[in-house]
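Below is one structure; the comments refer to it alone.
The values are calculated or read from the model by the stated rules, or taken from the named source; none is laboratory data. Because the structure is a prediction, the values reported are computed rather than measured. For neighbour counting, all protein chains shown are included, and Cβ atoms are generated from backbone atoms with ideal geometry for every residue, glycine included. Note: accessible area is taken over every heavy atom of the protein model, side chains too, but ligands, DNA and RNA are not part of it. Shrake-Rupley method; radii C 1.70, N 1.55, O 1.52, S 1.80 Å.
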Amino acid sequence: MAELKQDWITDGYIDLEYKKYMLLAYMQQVGQEFDAKKLYPKFSELVEHYRNLETLRERKKIAMNNFPKEISRLDLERFKIEYKTVMQDDELIKEIDDIISFAIPEFRSKMSLGRELFEEVEDKVEIFPIGVLPLEIEEGYFMLSDYMSRMINVYYYNITIFESALEKLRGIHTTLVSQYDMSITNTYQNIKYELIKNTKQMPAMYALEFKESFPLTETMLPVAKRMLVRYVTA
């Protein structure tokens, strides 16, 4: 499987054609994963790589803008002084710029495909609460149903909310608790009743039904977690 290091641009031989070959091999692997309806971990990798590229490009721009400048021309008619930056791009920096300029559109294109797949999967899911919900719903259980494999996976979840300088961020931790074969007796209400009997608590519980089969670990569970956070914190 083609992998891409975090420092792939500056690691090893810095050459545009070589880095193109490396990147396109990785993108081919990403495309194969998306074709197989596998969102993760490749989608999150794409986002991280893209952010790294934007950060690298922005830091280089800031460095150029803040580098010492010298007067290049005096325009006495318009009372204007023109400056030129003392630092000039050498061949290595120019090569890195070319690599970044090539890579960013590639990442944007694949990220767009990933978002389309995400929306496709979300359209195949229905989420709803099971029974009466308690006041505290940031912690509880959810049942992930896959009608193609005829399985119900029960997960414990805990949603955390923390604030950054700009926004509130939400995270979710999940643990697989149990699995059930779909049957007449294994209804959502019966599974919830069994959990209540075992935990001696009245937990929040939700069901997420997938009407189409997708890879569980790479797609169904990540999408379910995202949808549950959005549903609970709305």
request  = Quick one: accessible surface of Val229, probe radius 1.4 Å, all protein chains present, in square angstrom to the nearest 10.
outcome  = 20 Å²
Formal net charge of residues neighbouring Tyr157 (Cβ-Cβ distance under 9 Å; K, R +1; D, E -1) = -1
task = May I ask for the net charge around Leu46, where only other residues with Cβ less than 12 Å from the Cβ of Leu46 are counted and Lys, Arg are +1 while Asp, Glu are -1?
result = +1
remark   = XL table Lys110/Lys211; Lys37/Lys94; Lys5/Lys124; Lys20/Lys60; Cα-Cα > 31 Å flagged, in table order, is Lys37/Lys94; Lys5/Lys124
Order of exposure, largest accessible area first, which applies to His49, His173 with probe 1.4 Å = His173, His49
query = For Glu119, Glu58, what's the largest-to-smallest order of accessible area, 1.4 Å probe?
reply = Glu119, Glu58
query = What net charge do the residues around Glu212 carry, taking every other residue with its C-beta under 12 Å from that of Glu212, with Lys and Arg at +1 and Asp and Glu at -1?
reply = -3
query = Quick one: if you stick a label point 7 Å off each Cα along the C-beta vector at Thr185 and Leu169, how many nm between them?
reply = 4.6 nm
